[in-house]
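What follows is one structure encoded as C-alpha cells, with my remarks underneath.
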Amino acid sequence: MLRIYNTLSRSLEEFIPRERGKVYMYNCGLTPYDYPHVGHARSAVIYDVIHRYLEYLGYEVIHISNFTDIDDKIIARSQELGITCEELTQKYIDVYLKDLKALNVKPLYGYPRATEHIKEIIEMVRTLQEKGFAYEISDGVYFEVRKFKDYGKLSHRNLEELRSGARIEVNPEKKDPLDFAIWKKSREGEPSWDSPWGKGRPGWHIECSAMSLHYLGNSFDIHGGGDDLIFPHHENEIAQSEAYTGISPFARYWVHNGMVEIEKEKMSKSLKNFFNLDELLRDYDGEVVRLYLISVSYRKPLSFDIESLEVARKNYEYFNESFLSINEDIERNNKGDVPVEDKILQWRSDFRKAMDDDLNFPVAIALLFDIFKFFNGNKEKISSKEALKLKEFLNEMLGVLGIEHLGERRASVLSSLKDRIMDVIGFLSKNEALRKELSSIDKEMAVNDILQSLVDLRAEMRLRQDFVSADQIRDALKEVGVVLEDTKEGTKYRLVST
RNA sequence: GGCGCCGUGGCCAAGUGGUAAGGCAAGGGUCUGCAAAACCCUCACACGUCGGUUCGAAUCCGACCGGUGCCUCCA
C-alpha cells in the first residue's frame, strides 16, 4: 500500500484514488520566459517517477502539467527582446520539452497553456464574482480571501499571521492586503483578451485552477509542485477553486518537492544562481542527471554541485557496465547453478516497500547496487537463463525509476568518436613497430572494426612481449575515452567521458 | 515576528522507538606483463549541544547552537 506525504494534513496518508484504477494528477509546470534550470528538472523527474510507480501499481495515470505562458515577466522580457510573447514562450517551451526528453521524462497526457484556456478562466472569474468571492476595482478583479473560510489550510497559516507579514500595498482599493488578482486589466501595448471587465489577462495562477478542473474534474487525486509554491500559489489555487465549485477538496493529495540549492541557497531565476539545464545536458547524459536527481528524498532540498554529479556519473557507469555484462552472460550460454528466483522475490518486495514508503528513491537505488553486486560477484555461477531473469527484473525496477537506456548508448557514442580514433591511429603510426599494421586501417571502415583492429594489434604486441607498443595503444585510446581492459574473456573496451 | 525544514563517518545520503542501509573517497587483498574493471576485507561505542521521557532514543519532548525555505506572482 502506497503511503504518501500530504502537505494538507502534514502527514503520511494511504493513497486511495478518487476512482478505482485511475489516478488524475496535475503538477505545476513553469513560466517559460527563460531557460529551464536544474530545479525544473528535479520537479519534472520526481513527478515522472511517481507517475511511473503508479502505473507499475496498475493504475491508469492521467497526468498533465501546465505552461503559464502569459504573465508580467513574459511581457517584460518579450518587450526587452522586441519579440512577441508567443515567440518567447514557444522558444523556451521547446527547449524544456527537449530537455525533458533527454531526462527520460514520459510525455504527459497534456501540456495545457494558459492562453489556450482564457474562456475557462473568464468563466471562473465571472462565477467567483457572482458568488460574491471576488470584486472588481480599477486594475482588475480580486479574490476576497476573508470570504473563503478555509484560507490558509494548506500552508497552515491564518489571516492574522499573514497580514502581519504582508508587504506594502500596491492598490489601496483592495479590501484586504491579502486579496489577490484573478483577472488583470491590461495596459496599452500588452497582450489582452476581451472580458466582462474590458481588455485584460489572467491573474494569479487562476489558469492552474481552471485547467486542472477542466481536464481532471473536482477532487482530483494528486496536485504536485515545488515546495516554494505552497504559499501563496497553491493556497490561492485552493481558495479560488473551492469557492468556484463549492466542492472540497479541490485536490486530494498535495505533494511538494524540495528545492535544488546552490551553496545553501535556493536555486532560482531571481537569485541568478541557476544552473542552466540545457547546458548541463550537453555535458552529462540525461540519465546520469536523472540518477543524480533521484538520489535524494524528493521532499528534501538537494544541494547541487558538480562533485556529486560526478559521483552519479560514476554510479551510472557502474550500472551500465554491469548491465552490459549481464547481456554478455545471456548471450554466452553460460552454465551455472546459482538460483536467482528467491533473490528476485526479495528484491521486488524490498523495492515495493521502499517506494510505498513515500517514494523512497535512495533506498531503491541502493537495491540496484545490491543486485549488480550480486551478479558481478557470482557471474561465473549464474546460468544464462538465470541471467535473463535477472535482467527482466532489473528492467522492471529501472522502468519505474526511468533509467531505461543502460547498455544502449555505446554504439552511438562510439561512432561519434570515429574522428578521434583516426587521430589516434595517426599518432600511433609514428611507432615503427605499429606503422605497417596500422596502414591497413582506413577511415572507410566501420568504427568498431577499426577499434577491433587496434585491439587485435595490441594483442599481437602483447604476445610478442612488446609491452611498450601495447601500452602505447592502450594509453592513446584512453585519451579519447576508450579504456581497454584485459579480462579472462579477452580484451574488452569501455567508454568513458573525457 | 509567524509557519516550516535541516544538522548522521572525510564527502553525499537512508533510517524517525529496539541498538547505524547504500554510494564516493581512503587503506589492504585477489586477478593482471603492468594496468583497468570486477570481486573480497577494513573504515561511525555512535547520529549539532545540553537536559528529560522510556527497560531501551539518531529516532519522542524541551531548551540552546548552527544552517536554510516560505510569508504576493519562483519547480
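The values are calculated or read from the model by the stated rules, or taken from the named source; none is laboratory data. For clarity, every value in this text was computed on a predicted model and none was experimentally measured. Don't worry about glycine lacking a Cβ; one is built from the backbone with ideal geometry, like all the others, and counts go over all protein chains shown. Accessible surface is based on the protein model in full, side chains and every heavy atom, while ligands, DNA and RNA are left aside. Shrake-Rupley method; radii C 1.70, N 1.55, O 1.52, S 1.80 Å.
See the values below:
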{"read-out": "Loop sites in the range A:392-498: GluC sites (Glu not before Pro), DSSP, at most 14 other Cβ within 10 Å", "value": "A:GLU404, A:GLU408, A:GLU444, A:GLU489"}
{"read-out": "Surface per residue (accessible, 1.4 Å probe) for chain A, Å²", "value": "47"}
{"read-out": "At most 13 other Cβ within 10 Å, DSSP loop - trypsin sites (Lys or Arg not before Pro), the range A:387-462", "value": "A:ARG409, A:LYS430, A:LYS443"}
{"read-out": "Percentage relative contact order, the range A:372-472, counting C-alpha pairs under 8 Å, at least six apart", "value": "18"}
{"read-out": "In Hz, Karplus ³J(HN,Hα) per residue of the range A:23-40 (6.51, -1.76, 1.60; θ = phi - 60°; x = Gly, Pro)", "value": "10, 9, 9, 9, 9, 5, x, 10, 9, x, 10, 7, 5, x, 10, 4, x, 5"}
{"read-out": "Antiparallel DSSP beta bridges within chain A, as percent of all bridges there, nearest 5", "value": "55"}
{"read-out": "Alpha-carbon centroids, the range A:137-199 and the range A:414-440: separation in whole Å", "value": "69"}
{"read-out": "Within the range A:253-324, chymotrypsin sites (Phe, Trp or Tyr not before Pro) in DSSP loop having at most 12 other beta-carbon neighbours inside 10 Å", "value": "none"}
{"read-out": "Length-normalised contact order of the range A:3-283 in % [C-alpha pairs under 8 Å, at least 6 apart]", "value": "25"}
{"read-out": "Estimated vicinal HN-Hα couplings, Hz - the range A:492-497 in sequence order (Karplus 6.51, -1.76, 1.60; Gly, Pro = x)", "value": "10, 10, 9, 9, 10, 7"}
{"read-out": "Computed [θ] at 222 nm, helices only, for chain A once each DSSP H run of length n ≥ 4 contributes -39500 (n - 2.57)", "value": "-15000 deg cm²/dmol"}
{"read-out": "Segments A:119-125, A:370-376 sorted - mean Cβ within 10 Å per residue, highest first", "value": "A:119-125, A:370-376"}
{"read-out": "Cα gyration tensor shape of the range A:410-495, rounded if a/c is under 1.5, else prolate or oblate by comparing a/b with b/c", "value": "oblate"}
{"read-out": "The range A:306-424 - percent of accessible surface contributed by carbon and sulfur, probe 1.4 Å", "value": "50"}
{"read-out": "Most to least packed among A:32-43, A:228-239 [average Cβ atoms within 10 Å]", "value": "A:32-43, A:228-239"}
{"read-out": "Of all accessible heavy-atom area on the range A:44-134, the percent that carbon and sulfur account for (1.4 Å)", "value": "51"}
{"read-out": "From phi via Karplus (6.51, -1.76, 1.60), per-residue ³J(HN,Hα) for the range A:112-119 in Hz, x at Gly/Pro", "value": "x, 10, 4, 5, 8, 10, 4, 4"}
{"read-out": "Heavy atoms of A:ARG464 accessible to a 1.4 Å probe, total area in Å² rounded to 10", "value": "130"}
{"read-out": "Portion, in percent, of the accessible area of the range A:181-256 that falls on carbon or sulfur, probe 1.4 Å", "value": "49"}
{"read-out": "Over chain A, relative contact order from alpha-carbon pairs under 8 Å, at least 6 apart, %", "value": "15"}
